[in-house]
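A quick write-up on the structure given underneath.
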Amino acid sequence: MSKLSKIRPSTRSILVVDDEPDLLESLKELLEDCIPELTVRTAPGGAEGLEILAAHDDIDLVISDFRMPEMDGISFLRAVHDQFPRVARVLLTAYPDKKLAHQATEEAMVETFMTKPPRMEELLAAINAAVFKNRQTARAH
């Protein structure tokens, strides 16, 4: 069994939020090519991401950029945690530092903090781990 097939049974839909259209499209294509049954939705910002989450209850995971206009990734993922607690959260950034990683995990309950551009194998492992961890936490409550 390939590493890619490990997330197929548990992940139905992912939302990717980033203000860079090229990154959104490339991540969407890569994820859908790797996991044909997966639905990947995209949003150019946090407000649009929250609207998509409200409209689609099948989203298991959000992957968000940190630096975005209007609403940064931590603010967005904090809102996701508050409004959609069953949805796992991954933060992507081109500007990693320990303070930001700590802030993301403490304030937005981010399961995974990754640097851009993500390596596909690492991203898929992070997706699998985040969704699994989030489901285990939900079952415990």
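Residues of segment 62-110 that are assigned to a helix (DSSP H, G or I) and either polar (S, T, N, Q) or modelled with pLDDT under 90 (or both): Ser75, Gln83, Lys98, Lys99, Leu100, Ala101, His102, Gln103, Ala104, Thr105, Glu106, Glu107.
Applying the condition of being surrounded by fewer than 17 Cβ atoms within 10 Å (Cβ to Cβ) and not hydrophobic (A, V, I, L, M, F, W, C) to segment 49-71 and asking which residue is nearest to Ala101 (Cα to Cα) yields Arg67.
Of all residues in segment 72-91, count the ones that are crowded, with 21+ Cβ neighbours inside 10 Å and either at positive phi or among the polar types (S, T, N, Q) (or both). Number satisfying all stated conditions: 0. Give segment 76-106 a look and list any residue that's among the acidic types (Asp, Glu) and farther than 22 Å from Pro117 by Cβ, or say none. Passing the criteria: Asp82, Glu106.
The values are calculated or read from the model by the stated rules, or taken from the named source; none is laboratory data. Fair warning: this is a prediction, and the values are worked out from it, not measured in the lab. Ideal geometry is used to build each Cβ from the backbone, glycine not excepted, and the neighbour counts take in all protein chains shown.
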